Structure formats: C-alpha cells, structure tokens
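The values are calculated or read from the model by the stated rules, or taken from the named source; none is laboratory data. Everything quoted here is computed from the prediction, not taken from an experiment. Cβ sites come from the backbone with ideal geometry, for glycine too, and all protein chains shown count toward neighbours.
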Amino acid sequence: MIKDFLRSSANVLFADIGTKAIGFGVLSLLTFILEPEILGKYNALLTTITSIYGMSGLGLSMVLQRESAKHSVKSGIYLGEIISAGFMCMSISILGLVVLFQIFHDKINGALFGGIDSSLIQWVPWLTLLYFLVQAPLSLILGLGMFKVYSFRNMIEAIVTGICILIGGKMWGLPGVIYGLLVSYSINAIIVGIIIKKVFVEKRIQLVITNWVKLAYQSLRKGIPYFVGNVFLGSVANIILIGLFAKHIGFAELGYLRIGLSLAAILMVVPNAAKTVTVTYIAKQEANSTRLQSIQMRYLFFLIVTSTLLLTIILAPVVSFIFGNEYDAGVQIYIMILLINIFISIYSVLNSFIAGKGHLVFSGLVSGIVMGMYILLAIFLIPTIGINGYYISFGGSYFTGMIILIVYDLRMNAYNDKRKIIWFLSGTFGILGIAFLYSICLQRSWLFNLLFLSIIGMYILFCTKYVFESDEKKFVNQIISKARFIGR
C-alpha cells in the first residue's frame, strides 16, 4: 500500500511542482505589471469567484470521490446514477448562487468591492459558472485513481490561465486580467469536457438520470455535514475577509496576502500531493491505513515545518529578487502567513485521514468550529487592531482545529509508535513557539539569524535521531534515489 501510495503521490507531485512553478512565475511577472493595490483588487475578485464556487459544492465532491474510489466493486450504471444526481444538485446550486449575486449586485459591490470598477464585477457570475465547469469534474478523476490525468489537466490549466492573464494584464491592466480569466476558463472548460468524456468511455460509466432524487438525498446527507464546516463557512469567511480588508486594512495588504499565500503554496507542494491521494487510498484500504498515517504525520509535518522555517530566514532578499522592491513592504505579512500556514497544512493532512475513513460529520463539525472562530474573531478584531487582528483570528482558529484533530487521531488510531509521535509533536510545537517570537523581531542581525538556524538544526537532528525509524529512513532514501522512476 505504501509503495502504491508513493507512486500515485509522485504522479501528482511532479505535475504539482510544475503547476505551482508556473503559477508562481505568472504571479511574479504579474507583480511587475500590477502595483500592490491593484493586485489586491484582483485577489478580491478571484477569491469571490472561488468562494461562490465553493458554496455550490454541497459536500458532493467528497462523496463522489469516495464513491468513485470504489469503482472496482460497484457497477458503472450505479456510478453513472450517483454522478448524475450529484452534478444536477451542484448545477442547481451554482445557478441559484449566481442569480442571487446578480439580484444583490449593488449591495455586494458596496459591501465588498469599494474602489473596484463595477464593470469588472459584472463578470464575476460568468467567471464563476465557467470555473464550476473547470473544477467540478476533478473529484471523479481523483476517485477513479487517474492521478496522471488529473496532473496533466492541472498543468494545462496553469499554462493556459497564465498566458491569458499576463497578455491581458500587460495590454489593459486589471480589466485585461479579468478578460484573460474569461478566455482561459472557457478554454479549460472545453478541455475538461473532452477529458471527462474519455474517462467515462474508458471506465464504462453511463450517465443515467433515474432515481436521482433519492440518490441526491442520500449523497447530501453524507456530504452536507462535511461541506458546512470544511467548505461553506470557509467560503463565507473569505468573502467577509474581503470586506474587512477593504474597509479597515487596505487592498495593498490584500495584494501582499496574495504573495504570502503563493509562497506558502510552493512549500506545500509535497504535502498537498500526498493529501490529494490520501482520501482515495484510505477509502479503499481503511483497515490497513494506520502505518501510512503514522508516516505522513511524522515525515510530512517535519517537511512542512523545516522548509517553512528555513525560508523565513532568507525571505526578505528572496522577495526583492522575485517580486521587486515595491513588494518589500509586505515581508512581515509574508512571514506571518507562512507560519500560520503550518497550522493549516497540518490540519488539512489530518482532515484527509478523517475524510478518507468516511467520518465526514466529525470533519464538518471541527471545521465548523474553526471557521466559526475565524469569522467571529475577524469581525471583532480586524476593525480594532487591523492586520494583527487578522493574524490572531486566522492563526488562532486553525491552531485550535489542528489540536482537536491531533487529539482525535491519536485516540482513534492504535499507533504502535504513539509515544514517538507525541514526542515529535511536542518538539514541533516548541520550535514553532520560538519561530513566532522570531517573526516579531523586524531588525534581525546575522547573529540572530545564525542562532535561529542553529535551533532549526537541533530540531532536524532530534527528528532524524529519535523520531524516524531506521527501516523508514532506508525506504525513504531508496525512494529519493529512484525518484525519477516513480512517476512512470
């Protein structure tokens, strides 16, 4: 199971590296076209599009991925029925949200997009519909285990989108970027349609619109508890955040936020590749997944923490080189986003364990707690203390969710190396505490940086000596030495 998991993860990983590199390169070039405030407005519009799409899912994407993962034991007709029911529900949902956006267009514009041309905002509903056509079918591809197809599609999307928005941005500024999104989403929707048609033929899946009301009801019962906490409240939080930034912090800081999240996305390539495959593999082999989960908890968490901390030391010159001096003012924001993203990444990995085992209600409950904290704290703190309120609400809520999932996972799984995992987590939280203290110091001498680097070195030594088992280290070394063959 572990080798199959790594092979599938590698297929996603190699393409994800390419996809993230393309996206990062596009963003870097975009910063030389758009100043921070304009980039922040673009971020606001793009976040609105993805958030409306997120609200439309109803948790059915996760249900369809789990059901598709069981394709070998279920008939193509059954899958065709449940896929048809799921997509009909999601289509009705997205159309309803787009209509509501159009009806309340003026109020939404005043609440969220003060300072953005209303002629650009009118494209949001159309872009959302196209984005739905591009993204919604991906859960089927993942569930069916077609990770190479999934990876290829992501690469194509990144290339097409990057070319379109850069050309549009260079020629017409922010309006050109929006027009570029419109063209790229249209092209990518056609590509996804062609891919899905071939997948259905290859897997002999027949779309059947019979009994869809009953199947939709059954799927919604499974999906909505997961959806409310994991997706819906998160989407609502993102939209509220746009309004809070626009009124109390500024669009320039929203542009810096975009840079910080992109830096975090580069660091999370490996964990996200593993997470993408985890749900499918645990759904197939739940009884044999404990070993896989233990390895991910230690190795992925270690990779997330060390890569992030090392980047924070050299972040200032890296930002100047990649994005230009105009974006140097956001270095403190970038560092805080990177550190908070450690909590989010660990939380996401643990959540994939729970989702893979079908504990969608508990997953949704915890995510509901996290998003509820995030929204309430942001509403009260951002108007009072600005960007610091955002750090507290964002980081505090995900830290709480991470702790809940760690305790739940350790209680529910009979890990043979549970004590080792606890020691590892204790050391990890210790160095994270030091890292947050380090982030507060704006004037860092070379001696200060050297001291922090020494602490990171001790953490690495501690993990390699006491946390990672000898057979695992040998296996990982073999995987690294043969990495170029894994994706074949």
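Cβ-Cβ distances below 8 Å connect the following pairs, each with a first residue in region 92-116 that is without any contact (Cβ under 8 Å) to a residue 24 or more places away in the chain, a second residue that is surrounded by 13 or more Cβ atoms within 10 Å (Cβ to Cβ) and of a type in the set (Phe, Trp, Tyr), and a separation of six or more residues or different chains: 108/101.
Whether a residue is modelled with pLDDT of 85 or more, surrounded by fewer than 19 Cβ atoms within 10 Å (Cβ to Cβ) and of a type in the set (A, V, I, L, M) was assessed, and residue 159 passes this test. Residue pairs whose Cβ atoms lie under 6 Å apart, sitting 6 or more positions apart in sequence or on different chains, and linking a residue in region 219-238 that is closer than 17 Å to residue 354 by Cα to a partner that is polar (S, T, N, Q), are 226/363; 229/367; 230/367. Please work out if residue 353 is modelled with pLDDT under 90, in a helix (DSSP H, G or I), of a type in the set (Phe, Trp, Tyr) and under 18 Å from the mean Cα position of the chain (by Cα). Criteria met by residue 353.
May I ask you to verify whether residue 178 is over 30 Å from residue 248 (Cα atoms) and of a type outside the set (Asp, Glu)?
Numbers: over 30 Å from residue 248 (Cα atoms): no; of a type outside the set (Asp, Glu): yes.
The answer is no for residue 178.
Test of understanding: among 72, 91, 84, which residue is at pLDDT below 80 and either assigned to a loop (DSSP other than H, G, I, E, B) or surrounded by 14 or more Cβ atoms within 10 Å (Cβ to Cβ) (or both)? Of 72, 91, 84, the one residue that is at pLDDT below 80 and either assigned to a loop (DSSP other than H, G, I, E, B) or surrounded by 14 or more Cβ atoms within 10 Å (Cβ to Cβ) (or both) is 84. In region 164-220, of all residues being of a type in the set (A, V, I, L, M) and not in a helix (DSSP H, G or I), the one that is surrounded by the fewest Cβ atoms within 10 Å (Cβ to Cβ) corresponds to 209.
Return yes or no: is residue 141 surrounded by 21 or more Cβ atoms within 10 Å (Cβ to Cβ) and over 16 Å from residue 23 (Cβ atoms)?
yes
Hey, can you tell me all the residues within region 221-278 that are crowded, with 19+ Cβ neighbours inside 10 Å and not in a helix (DSSP H, G or I)? Of everything in region 221-278, just one residue is crowded, with 19+ Cβ neighbours inside 10 Å and not in a helix (DSSP H, G or I), namely 268.
Taking first residues from region 349-377 that are of a type in the set (D, E, K, R) and partners that are assigned to a helix (DSSP H, G or I), the Cβ contacts under 9 Å between residues at least 6 apart in sequence or on separate chains come to 357/282; 357/283; 357/286; 357/412.
Name the single residue that is surrounded by the most Cβ atoms within 10 Å (Cβ to Cβ) among those in region 112-138 being polar (S, T, N, Q) and under 18 Å from residue 88 (Cα atoms). So, considering only residues that are polar (S, T, N, Q) and under 18 Å from residue 88 (Cα atoms), the one surrounded by the most Cβ atoms within 10 Å (Cβ to Cβ) is 128.
In the same structural domain as residue 196 (by TED's automatic domain parsing) and closer than 15 Å to residue 58 by Cβ: is that true of residue 118 in this structure?
No.
The requirement of being in a helix (DSSP H, G or I) and assigned by TED's automatic domain parsing to the domain that holds residue 41 is satisfied by residue 141. When each of 410, 437 is tested for being out of contact with any Pro (no Cβ under 6 Å at 6 or more places or on another chain) and either surrounded by 12 or more Cβ atoms within 10 Å (Cβ to Cβ) or in a loop (DSSP other than H, G, I, E, B) (or both), the lone residue that passes is 410.
With the structure loaded, tell me whether residue 337 is under 22 Å from residue 270 (Cβ atoms), part of a helix (DSSP H, G or I) and among the β-branched types (Val, Ile, Thr) or whether it fails that test. Answer is yes for this residue.
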